[in-house]
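Scroll down for the structure; my scribbles are underneath it.
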Amino acid sequence: MIRYKEIAFIAYPVTDIPRARKFYEGVLGLKPNAPLKAEDQKWIEYDLGPGTLGIGCSPQWLPSPNGPSAALEVEDFEAAVATLRGHKVPIIIGPLNLPNCSMATVQDPDGNKLTLHRRK
């Protein structure tokens, strides 16, 4: 029997690393978990608590608007939504204020879905 501790990482394929970095770092405010060298520009990881969000660029791994989705827990949901709106990022689901959480779903430049989430 396999036992699981936590999600090690969620990864999204992207087609343009500099464009993706502008979104993940410039809009979402994530920081790479290691200094990046020129040869590292095909895979970047961002640590979020005990998990990691990775983005990678490979012709064998293509983005899909129907692919996986990551929910990123935020400390201040209203500020996160304001940041998205400030960057004119379309919100495709929400913002929703549900009994147990608040959430808003967007797409990165390649159509991958990301949810900004706050537990109540």
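The values are calculated or read from the model by the stated rules, or taken from the named source; none is laboratory data. If you're wondering where the values come from, they're calculated on a predicted model, not measured in any experiment. Here the Cβ positions follow ideal geometry from the backbone for every residue, glycine too, while neighbour counts run over all protein chains shown. Only protein heavy atoms, including side chains, enter the accessible area calculation; ligands, DNA and RNA are left aside. Shrake-Rupley method; radii C 1.70, N 1.55, O 1.52, S 1.80 Å.
For the reader, a short list of remarks on this structure follows.
- Subtracting the Cα-Cα distance of residue 75 and residue 87 from their residue separation scaled by 0.36 nm leaves 2.4 nm.
- Each principal axis of the Cα cloud of the chain was evaluated for its coordinate range; sorted largest first, these ranges are 44, 44, 28 Å.
- Percent RCO, i.e. relative contact order, over the chain, from Cα pairs under 8 Å lying at least 6 residues apart: 26 percent
- Area accessible to solvent at residue 58, 1.4 Å probe radius, in Å²: 40 Å²
- When only alpha carbons are used to place a centre, segment 65-111 and segment 47-61 end up 18 Å from one another.
- Distant-in-sequence amide H partners of residue 30 (H built 1.01 Å from N, under 5 Å): 25
- Nearest-ten-degree value, helix 77-86 long axis tilted from longest Cα axis of the chain: 60 degrees
- Surface accessible to a 1.4 Å probe, per residue, for the residues of the chain, Å²: 63 Å²
- Multiplying the residue separation of residue 64 and residue 34 by 0.36 nm and removing their Cα-Cα distance gives an extension gain of 8.1 nm.
- Fully extended contour minus Cα-Cα distance, from residue 100 to residue 22, at 0.36 nm per residue: 24.9 nm
- Taking a sphere under 12 Å around the Cβ of residue 20 and counting the other residues whose Cβ falls inside, with K and R at +1 and D and E at -1, yields a net charge of 0.
- Entries in 5/88; 37/88; 5/120; 5/42; 42/113 that, when Cα-Cα distance is taken, lie over 26 Å: 5/88; 37/88; 5/42
- Take every pair of alpha-carbon atoms less than 8 Å apart whose residues are at least six positions apart; their mean separation over the length of segment 70-116 yields a relative contact order of 39 percent.
- For segment 28-81: rounded, prolate or oblate by the Cα gyration tensor [a/c cutoff 1.5]: oblate
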